[in-house]
Structures are given as structure tokens and as C-alpha cells.
Amino acid sequence: MTRTPVTVTVTGAAGQIGYALLFRIASGQLLGADVPVTLRLLEIPQGLKAAEGTAMELDDCAFPLLQGIDISDDPNVAFDGANVALLVGARPRTKGMERGDLLEANGGIFKPQGKAINDHAADDIKVLVVGNPANTNALIAQAAAPDVPAERFTAMTRLDHNRALSQLSKKTGAPVSEIKKLTIWGNHSATQYPDVFHAEVAGKNAAEVVNDEQWLADTFIPTVAKRGAAIIEARGASSAASAANAAIDHVYTWVNGTAAGDWTSAGVVSDGSYGVPQGLISSFPVTAKDGKFEIVQGLDVNEFSRTRIDASVKELEEEREAVRNLGLI
Ligand code: NAD
Ligand code: LMR
């Protein structure tokens, strides 16, 4: 193998998403079937033994692309030379915890990780934050990494995007492969807005194909936005394989680009487009080319969409204010 391996750091490696993610990275699905990878696993001390067990299983797969696995509980070690960082490990909300407590607990994780990325990652580092609250955790990490271009920090809304594709496919009977240009706007939370007004189903405008605003408002949007909670209710645990799949999709697209005539959704730093305050990490319609995401410009935003985008962005602004007041950004 002549290509230099790409170093991929995964935090929360011993968790359920980690378990669904690592084998797919090592098999070449994250970056491409010809790209060798070195894995760096970051866990808290209590998670190290389980991470070692996962590393043993990775060894046992004898993946031709996997060049090495390092495990650490020190972010400075785990992010050393990282080209791609998947920040999955986060503090889940537990009983009696207020939103502010959750933001503070996660600040204690994402601020030092952002600093470690700033100080030790490779110059081309790309960061995807999966751990919730993903958008604001990404903002905290980004603020702690002033030497890294802000646009290298992204938050995952690809799972929401994929959920929306699937629901629209079921409604219209069109295969997922024929649905293009869907958008998730805003926060990865129940306020997110899955938008079909610019989407196409087999080349026709999706909103016209559906032709049912009540279904959009009362079924489609809440089904997509509350899917995470529905999975927790059904499975007794939050989504893991679908979340790992979306993380793979997000990074693969970021590195290898979007198809002509299509876009995807990702939480990226706002440049003020569509009235989203600059600096917020909010989900937008994005294309990817040459390893860069770009926000799709020039879309008309109708009244139905405007209200919903604004509501989700308002929540992101409140989260930003809360972490600012906690001194996390
Ligand atoms: P999990 O509890 O199974 O695993 C989390 C792992 O992170 C644990 O092994 C824990 O030890 C580790 N961890 C905690 N703090 C850490 C730290 N400071 N450094 C390194 N590792 C640390 O959780 P999971 O099901 O794998 O989910 C992980 C996160 O992803 C959660 O916050 C969840 O809400 C979120 N999530 C996001 C999306 C999305 O679409 N953005 C979807 C699903 C889940
Ligand atoms: C999801 O969308 O499945 C998760 O973000 C839900 C959660 O709270 O972990």
C-alpha cells in the first residue's frame, strides 16, 4: 500500500454508535475503498477496557485498509495528527438535569477536545460532532480551536436528512435514489425543519407531488423531527446504527463531494445566509466539492418555511447565549 494512511479519531469509541461505526471506517466506507486508515480511539478511563475489546475485534476482521489502532483517554494523544475527528462521546441527559446542566457538562468535554484539536490535529483536520446537543457542542469545540478554520467544524444532521428521504419515499412511492435536494434546516433537535419545497421526486417538485400541506405540517415534519425520541421509545436506547451510517455518509460526502444536481444537509458555520446569524452552527442545504462544504445559495424561502427555520435558529441562538454565559465560548 503506497498511500499515506488517513488518521481518524473517534471519541466515545466504546459506546453504541462507536461499535456501529468503527468497523465501517476500517473497511473503507468512510473515505473510500482505496484509502488506508489509522484509528485513534478516545474514551474516558471507564470506557478503555471496552474500547480495547472493540480493538481486538477490529484486529480479528483483518481489514486490509486498517494500518493501526491506538487507544487513549487523553485528548492530546488521541487527536495527535488527526485528519478526521468524529466526536461521538457526550454526556447524556440524566434524570433531573436541566438543559443548562447538560450544556455545561458537555462544555467540559467539547472545550478541551476543541483545544486538543487546535494544538495537535493535522492541518487538514475535518471535525464532525455527533454527540448531543450536536450543533452547540460543535460551536464549543470550534470556539476552543482558534487556529483551525471555523468551517472545519460541522454538526451531524445527515441522520435527519436520511430520515426525511425515507419518509418522503414511503409517501410518494418513489425510491430514495430518485429523491433529490431535500433540506434539513436549523438544529438537530425537535425544532429542526425538514423542507421539501425545493426537493425533487423523480424530477418533479416534491411539494407538488405530495400536494398535501396538512400532511407536511402534521405528519412529515413531526415524524422526522421526533424520530430520535421514537427510536428511544421503541428500542430503549437511542439510534446507533443509523447514526453511525449518517456519520459515514456525512464524512464520505464532505471528502468525495455531492453528485451533480443534488445536495445534502449538514450543520455548518453560518455566513449569514438565509438570515441565520453568522457564526451559528446550523443545518443548511450544502454541496461538497474539493473537500469543502458550501451552502446552497439563492433558494426562495416561503412563509411556511420561514417561520419554521426561524424557530429552530432561535433555539440555536438561545443555546449559544447559554454557553456564552457559562464561559464556554
Ligand atoms: P453511548 O452512551 O453508548 O456511548 C457514549 C460513549 O462516550 C461512552 O462509551 C462514554 O464512555 C464515552 N464518553 C463520554 N465522555 C467522553 C469523553 N469526554 N471522551 C471520550 N469518550 C467519552 O452513546 P451513543 O449511543 O454512542 O451516543 C453518543 C452521542 O451521540 C449521544 O450524545 C447521542 O445523543 C448522540 N446522537 C446524535 C445523533 C445525531 O444525529 N446527531 C444521533 C444519535 C445519537
Ligand atoms: C437521534 O436523533 O436519534 C438522537 O439525536 C436522539 C438522542 O437524543 O440521542
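Screening Lys111, Lys180, Lys126 for residues that are under 14 Å from Ala85 (Cβ atoms), in contact (Cβ under 8 Å) with a residue 60 or more places away in the chain and of a type in the set (D, E, K, R) leaves exactly one candidate, Lys126. Scoring Gln167 on the criteria (1) closer than 23 Å to Arg40 by Cα; (2) away from ligand 1 (no atom under 14 Å from the Cβ) leaves a single failure, condition (1). Do we have any residue at all in region 47-66 that's within 16 Å of ligand 2 (Cβ to nearest atom) and free of Cβ contacts under 8 Å to residues at least 24 places away in the same chain? Looking through region 47-66, none of the residues is within 16 Å of ligand 2 (Cβ to nearest atom) and free of Cβ contacts under 8 Å to residues at least 24 places away in the same chain.
Screening region 214-329 for helices (runs of 4 or more DSSP H) wholly inside it with 3 or more residues that are over 25 Å from Phe197 (Cα atoms) and in contact (Cβ under 8 Å) with a residue 40 or more places away in the chain returns the ranges 241-256, 303-325.
Residues in region 69-97 that are of a type in the set (D, E, K, R) and either more than 16 Å from ligand 2 (Cβ to nearest atom) or part of a strand (DSSP E or B) (or both): Asp70, Asp73, Asp74, Asp80. The condition of being touching a Pro at 6+ places or on another chain (Cβ under 9 Å) and among the small types (Gly, Ala, Ser) holds for only one of Ala174, Ala144, Ala150, that being Ala144. For region 19-74, residues that are on the phi > 0 side of the Ramachandran plot and either acidic (Asp, Glu) or at pLDDT below 95 (or both) total 0. Taken over region 222-248, the criterion of being under 24 Å from Phe293 (Cβ atoms) and away from ligand 1 (no atom under 11 Å from the Cβ) is satisfied by Val224, Ala225, Ile248. Taking the conditions exactly as written (modelled with pLDDT of 95 or more, away from ligand 2 (no atom under 16 Å from the Cβ) and within 14 Å of Leu128 (Cβ to Cβ)), does Val10 satisfy them or not? Spelling it out, Val10 is indeed modelled with pLDDT of 95 or more, away from ligand 2 (no atom under 16 Å from the Cβ) and within 14 Å of Leu128 (Cβ to Cβ). Within region 89-109, the set of residues being of a type in the set (Val, Ile, Thr) and loosely packed, with under 13 Cβ neighbours inside 10 Å comprises Thr94 only.
Can we say Asn256 is under 30 Å from Val35 (Cβ atoms), modelled with pLDDT of 95 or more and polar (S, T, N, Q)? Taking the combined requirement at face value, the residue satisfies it.
Search region 1-51 for residues being among the hydroxyl-bearing types (Ser, Thr, Tyr) and assigned to a loop (DSSP other than H, G, I, E, B), and hand back the single one that is surrounded by the fewest Cβ atoms within 10 Å (Cβ to Cβ).
Going through the qualifying residues, I end up with Thr2.
Each row is one residue, and each column tells you yes or no for (1) among the polar types (S, T, N, Q); (2) more than 25 Å from Val313 (Cα to Cα); (3) part of a loop (DSSP other than H, G, I, E, B).
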site	(1), (2), (3)
Gly107	no, no, no
Asn162	yes, no, no
Ser166	yes, no, no
Trp185	no, no, no
Ala190	no, no, yes
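Condition check for Gly131 on (1) of a type outside the set (S, T, N, Q); (2) in a loop (DSSP other than H, G, I, E, B); (3) within 14 Å of ligand 1 (Cβ to nearest atom); (4) surrounded by fewer than 24 Cβ atoms within 10 Å (Cβ to Cβ): one failure, at (4). Of the residues that make up region 241-252, is at least one within 12 Å of His161 (Cβ to Cβ), at pLDDT 95 or above, of a type in the set (Val, Ile, Thr) and more than 9 Å from ligand 2 (Cβ to nearest atom)? No, region 241-252 contains no residue that is within 12 Å of His161 (Cβ to Cβ), at pLDDT 95 or above, of a type in the set (Val, Ile, Thr) and more than 9 Å from ligand 2 (Cβ to nearest atom).
The values are calculated or read from the model by the stated rules, or taken from the named source; none is laboratory data. Please read all numbers here as calculations on a predicted model, not as lab measurements. Backbone-built Cβ (ideal geometry, glycine too); neighbour counts: all protein chains shown.
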